[in-house]
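Single-structure report; data block below.
The values are calculated or read from the model by the stated rules, or taken from the named source; none is laboratory data. Since the model is a prediction, treat every value here as computed from it, not as a measurement. Because the Cβ atoms are built from the backbone with ideal geometry, glycine has one as well, and the counts that use them run over all protein chains shown. Note: areas computed on protein heavy atoms with side chains; ligands, DNA, RNA excluded. Shrake-Rupley method; radii C 1.70, N 1.55, O 1.52, S 1.80 Å.
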Amino acid sequence: MPRCPPVRYRLLDLVFSVVGTVAFLGDLGSDMWSTVKYYKAGDTAWAALYIGFYALSSLVLQLLSWGWFWVDKKDWDLLEEAEAGDISGDYVECCSIQAASNGGAKEHRGENGTKSPEDASVVDAVPVLLSDTPGSPPAATTTQDTQAAAGTGHRTAGSVMCCFWTGPRTAGSEHQHIVRSFWTSKIIFRTFCFTVLHVFQLGYPLRCIHSLEVCFAACRHPEDDLYKDYAYFLIHDLSMMRLVETFLENTPQLILILYIIIQREDIETFQYFSISMTFICITWAILGYHQSLRLILKGKLELSIFSSVIYYLWNFCLISSRILCITVFTVTFHWGIIVHFILLWVAFFLWASLQKTSFMKDKFLEIVYRTAVATILYFSWFNIADGRTLYRCVVYTVFIIIDSVILVVSWMTYKTPSLLDGYEMHIIVIHVVLFVVGLSLRLLYYIYLHPNIRNEKKQYADVPDGKIAEIKVLHSVDKTKQQINYRMEYLAAQIY
């Protein structure tokens, strides 16, 4: 599908960005407060665990942030080459279309030869620079000529290569001016400073500050699409990073807090604050990530308020059910939860590896991404690859049900005296109710409330198989020079 953010940058998006940054700062303050309190109380192990979750999350975020910076910097450098006159000529988009029995095929498209998975529509889309006379459409190009010019094109059986002339290729001076016009850009484009900040775990906060600066500029210049596109580009990255932070830091910390409260049979003021900040961060990360994926694919209907509430509720119920199972197991087996986590984490990591994810452009960083994905899967479903998503989701759900039953039964069988004594049936009922309600709301959402339901009926009613891909390609020629966040577009294609 064509890709673009909303028509203009919305004030609501700025509010979300500000609240997200404030939540990050509040969570950081909560971490420091809790760590100091536990240390002063003589609970050095708990203090080390609490700050350790933050350190692990921060390390992964810095690696992702630093890796994305280098990928983006290469793209910006190519725009500078275009501005200097190193790249010239007419711009032609070529798409290899392959009919499929399910009404579509797969697309990999990107500028400067970069391929990126997207919504089922095209097999390949390769930008080609031709030497025809500028300002006039190039002559008809055969598939073989196009492949020779592109150097990277290829065809598959039953595919047809279509080329679309989009006019003279323009330089990237305007984009370069926007990207470099901010105060924080001075730090970002100084490689040494940017790297040092990431070494000292300040890369993610720098991205938050840079994003806020760009978002405020986008609000001040609502008529300028370049500010808007760059703001959404940054927001998409931050939404993914907040999701990783949530499941690598906030969720484990919440389990630790609940465990400490049960062990001490008491709750203190800073723990109330920690629990509140954790729930706020989890909520914001889930909704922000989902909305970000919706915005990155044009043609997708935005979530209504009601569908957003249902989406949040089913995620909240399923994650809460999972946290409850892990917590009661930890109360009985203590450090045994580490063994349980490692066993499941290895299984999920292998699963992610077997699906051959290609989210990062560096092999090492792809491994870092898969480690984060394996941790997320320990707590919640996260789709990372194209294919039969429904089957994978069913397999994952059945696996989690079996694992949760084992955790609860183990707790009931070997439980030791604790604050939970006398509340066993209440806990089991709460767990079952949360899981059933969450699963029911999830089915309700995808059957009746998912934006694709109404959108697909509206756009593709009575379209024969094999035609959808062609229709999508004809409308997928990107004649603008907007900045596309291919990382989040890749994830969006796996879900929608």
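Of note:
- Residue in the stretch 3-23 that is within 13 Å of F273 (Cα to Cα), out of contact with any strand residue (DSSP E or B) (no Cβ under 6 Å at 6 or more places or on another chain), at pLDDT below 90 and surrounded by 15 or more Cβ atoms within 10 Å (Cβ to Cβ) present: yes
- Some residue of the stretch 370-383 being in a helix (DSSP H, G or I), within 25 Å of F69 (Cβ to Cβ) and open to solvent by 30 Å² or more (accessible area, probe 1.4 Å): yes
- Unique residue being open to solvent by 30 Å² or more (accessible area, probe 1.4 Å), among the aromatic types (F, W, Y) and at pLDDT 90 or above when the list is W46, W70: W46
- Of all the numbered requirements in (1) surrounded by 15 or more Cβ atoms within 10 Å (Cβ to Cβ); (2) touching a helix residue (DSSP H, G or I) at 6+ places or on another chain (Cβ under 8 Å), D362 misses one, and that requirement is (1).
- Once the stretch 179-195 is narrowed to residues that are of a type outside the set (F, W, Y) and farther than 23 Å from L226 by Cβ, the residue that is surrounded by the fewest Cβ atoms within 10 Å (Cβ to Cβ) is T191.
- Restricting the stretch 270-296 to residues that are among the hydroxyl-bearing types (S, T, Y) and either touching a Ser or Thr at 6+ places or on another chain (Cβ under 7 Å) or open to solvent by less than 10 Å² (accessible area, probe 1.4 Å) (or both), the residue that is farthest from V18 (Cα to Cα): S274
- Residue count, the stretch 315-335 (criterion: open to solvent by less than 30 Å² (accessible area, probe 1.4 Å), in contact with a Ser or Thr (Cβ under 8 Å, 6 or more places away or on another chain) and not aliphatic (A, V, I, L, M)): 6
- Options F306, F348; residue that is touching a helix residue (DSSP H, G or I) at 6+ places or on another chain (Cβ under 8 Å), assigned to a helix (DSSP H, G or I), hydrophobic (A, V, I, L, M, F, W, C) and within 19 Å of S440 (Cα to Cα): F306
- For the stretch 387-418, a residue qualifies if it is assigned to a helix (DSSP H, G or I) and over 23 Å from L350 (Cβ atoms), and the qualifying residues are V408, V409, S410, W411, M412, T413, Y414.
- Just one residue in the set H198, H154, H175, H210 is open to solvent by 40 Å² or more (accessible area, probe 1.4 Å) and either over 25 Å from T278 (Cα atoms) or at pLDDT 85 or above (or both); that residue is H154.
- Only residues that are among the hydroxyl-bearing types (S, T, Y) and either in contact with a strand residue (DSSP E or B) (Cβ under 8 Å, 6 or more places away or on another chain) or open to solvent by less than 10 Å² (accessible area, probe 1.4 Å) (or both) were counted in the stretch 240-269, giving 2.
- Set F273, F349, F316: member being aromatic (F, W, Y) and touching a Lys or Arg at 6+ places or on another chain (Cβ under 8 Å): F349
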